[in-house]
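Heads up: the structure comes next, in structure tokens.
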Number of protein chains: 2
Amino acid sequence: MSKLVIVGTVAFDAIETPFGKTDKILGGAGTFIGLAASNFNIDSTVVSIVGGDFPKDYLDIMSNRNIDVSGIEIVEDGKTFFWSGKYHNDMNSRDTLVTELNVLEHFNPIVPESYKDAEVVMLGNLHPSVQMSVLNQMHKTPKLVVLDTMNFWMDCALDDLVKTIKHVDVITINDEEARQLSGEYSLVVAARKIHEMGPKYVVIKKGEHGALLFHDDNVFYAPALPLEEVFDPTGAGDTFAGGFTGYLAKTGDYSFENMKTAVIYGSTLASFCVEKFGTERMLNLTDKEIYKRLDQFKSLTQFDIELT
Amino acid sequence: MSKLVIVGTVAFDAIETPFGKTDKILGGAGTFIGLAASNFNIDSTVVSIVGGDFPKDYLDIMSNRNIDVSGIEIVEDGKTFFWSGKYHNDMNSRDTLVTELNVLEHFNPIVPESYKDAEVVMLGNLHPSVQMSVLNQMHKTPKLVVLDTMNFWMDCALDDLVKTIKHVDVITINDEEARQLSGEYSLVVAARKIHEMGPKYVVIKKGEHGALLFHDDNVFYAPALPLEEVFDPTGAGDTFAGGFTGYLAKTGDYSFENMKTAVIYGSTLASFCVEKFGTERMLNLTDKEIYKRLDQFKSLTQFDIELT
């Protein structure tokens, strides 16, 4: 079992979907990644920043799941990062209603001393130079660095992003972002070009269409579980990344074969995340439910074929 | 091994893609379905209609692949159905430039006498009452009826479509069509509603995102093989249907388990179809190539997971 460092936002979200709306609830990439990874009972820390308005209860939620929160800086006279969004009827697109960076504007992540020798680092979606500063604090090169990013940084901080992903083993992005970063429409060609930029493994998230894992000439396709109802997609991508990284940290096996299983774990956890608002479903999830759904993934994709 | 009746257009296509354009070449749903199914060396017939302008060479292409063409009516003083389309840069959308129905306008399919006892019937995309007239000619209820259709008939001939699919075992449609036919956004709920309309099996084609097979509470997801380049998508859906149905006719096993394998065969053949213009790739396809790609599908989707 490896130690895991997670950097990412810890935030308030207010979400509106066709099914209803929430007040300010617990959100943020670091939160979703941490909660997903905590299902593997690993030794993890979330490095982040919040304001004095952030309830201690929310920190306790993480601590109670064995997540070290000493790396979450509390700015007593500051306000926590706040995001509000409204999903359209198809749940595949959304409008951002409010983005208040607040304390996030001056976020200078500090990795707790006891985690600077961690084998695995998960860089949640943040400015690429902030992601890089976490890597620079590590005492030795981690065995696995996973980076999540988005089109916003490709538009505004491409040079920094290109520098940072040189030091990354796995990048997770969605299909449109893979196309933007590579300038290629074919995802096969896009993945190859992104390989050349640094990451040996490229995970392309396609939402309801699943996820692709590329490594050299190998490719693995994990479908998303077809769901009756997607209640709230917020955090699904981060939950995927947390499940993926958490499983790899637990097993300490960073081979392509094991990453296939990690992708399935990530997809499985993400399929729960979307069933309720925010983190609600992730906070009420049993191992038994996870195993049952992993079994559904097996039925969903496994087939017999005899090649004569 | 079961006899297979295919009804569908045999046509001229003129295709323009970002990679080039063709003159009038061999096309039509019946053609693509027939060619795909012929890979299984089954006893099949294509029921269709062409004009006096249709080259005998094209009929020979089918005959040479053991496809019975006696059900293709030749209207000597008529012209063959002609379709022309232009694909956009993303290859996922296209504009129809020309549709000349010609002899297709008065198509009255006649199933050859020796095929009226066929176990398997594949109804290619046509007016649903034309599809129904084929079923009415069968001497006994086929063991498997597969129907392909499209949004056009949902717009213009919904009542006929609803009548026809009552007699169908498997319907193949794309995701948008499944949503239109059912009035439901979730594909899981859409499939359930379509079940209630008749078909026990619902295949939802999602193009580059693969295909879903639904039966009662069971679901199977076959991804599409990620391709470096999609050269021409024309006929991919029909090739999928032909591979799916051909495999089932060959094995005579219409269980859900065997349909999973059939979906993989369909996806495999469709992945070849898009590599060249029109039928070109399908006419130059070896068993060895097919087996190799089936093996790629296995690597693409199979994973090990131990549930503890």
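The values are calculated or read from the model by the stated rules, or taken from the named source; none is laboratory data. All values reported here derive from a predicted model rather than from experimental measurement. Positions of Cβ are backbone-derived with ideal geometry, glycine not excepted, and every protein chain shown enters the neighbour counts.
All conditions but one from (1) small (Gly, Ala, Ser); (2) within 22 Å of the chain's Cα centre (by Cα); (3) assigned to a loop (DSSP other than H, G, I, E, B) apply to residue B:85; the one that does not is (3). Taking (1) more than 14 Å from residue A:171 (Cβ to Cβ); (2) assigned to a strand (DSSP E or B) in turn, residue A:146 satisfies each apart from (1). Residues in region B:276-287: is at least one farther than 24 Å from residue B:25 by Cβ and surrounded by fewer than 17 Cβ atoms within 10 Å (Cβ to Cβ)? Yes, that holds for at least one residue.
Applying the selection to region A:287-297, what residues are more than 7 Å from chain B (Cβ to nearest Cβ) and free of Cβ contacts under 8 Å to residues at least 24 places away in the same chain? Selection gives A:288, A:289, A:292. When restricted to residues that are assigned to a helix (DSSP H, G or I), closer than 18 Å to residue A:216 by Cα and either of a type in the set (Gly, Ala, Ser) or within 10 Å of chain B (Cβ to nearest Cβ) (or both), region A:248-258 contains 2.
Here is a yes/no grid of residues against (1) in contact (Cβ under 8 Å) with a residue 24 or more places away in the chain; (2) assigned to a helix (DSSP H, G or I); (3) β-branched (Val, Ile, Thr); (4) buried (at least 19 other Cβ atoms within 10 Å of the Cβ):
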{"site": "A:13", "(1), (2), (3), (4)": "yes, no, no, yes"}
{"site": "A:16", "(1), (2), (3), (4)": "yes, no, no, no"}
{"site": "A:32", "(1), (2), (3), (4)": "yes, yes, no, yes"}
{"site": "A:36", "(1), (2), (3), (4)": "yes, yes, no, yes"}
{"site": "A:39", "(1), (2), (3), (4)": "yes, yes, no, yes"}
{"site": "A:48", "(1), (2), (3), (4)": "yes, no, no, yes"}
{"site": "A:90", "(1), (2), (3), (4)": "no, no, no, no"}
{"site": "A:96", "(1), (2), (3), (4)": "no, no, yes, no"}
{"site": "A:99", "(1), (2), (3), (4)": "no, no, yes, no"}
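Results for (1) surrounded by fewer than 24 Cβ atoms within 10 Å (Cβ to Cβ); (2) within 14 Å of chain B (Cβ to nearest Cβ), shown as yes or no for each residue.
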position: A:230; (1), (2): yes, yes
position: A:238; (1), (2): no, no
position: A:246; (1), (2): no, no
position: A:262; (1), (2): no, yes
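Within region B:192-228, being aliphatic (A, V, I, L, M), in contact with a Phe, Trp or Tyr (Cβ under 7 Å, 6 or more places away or on another chain) and within 8 Å of chain A (Cβ to nearest Cβ) holds for one residue alone: B:212.
Using the structure shown, decide if residue B:202 is among the aliphatic types (A, V, I, L, M) and more than 26 Å from residue B:93 (Cα to Cα). Criteria not met by residue B:202. The residue that is farthest from residue B:169 (Cα to Cα), counting only those in region B:212-226 that are touching a Pro at 6+ places or on another chain (Cβ under 7 Å) and modelled with pLDDT of 95 or more, is B:221. The number of residues in region A:252-276 that are of a type outside the set (A, V, I, L, M) and either closer than 18 Å to residue A:67 by Cα or in contact with a strand residue (DSSP E or B) (Cβ under 6 Å, 6 or more places away or on another chain) (or both) comes to 4. When region A:90-119 is limited to residues that are in contact with a strand residue (DSSP E or B) (Cβ under 9 Å, 6 or more places away or on another chain) and within 14 Å of chain B (Cβ to nearest Cβ), the one that is modelled with the lowest pLDDT turns out to be A:91.
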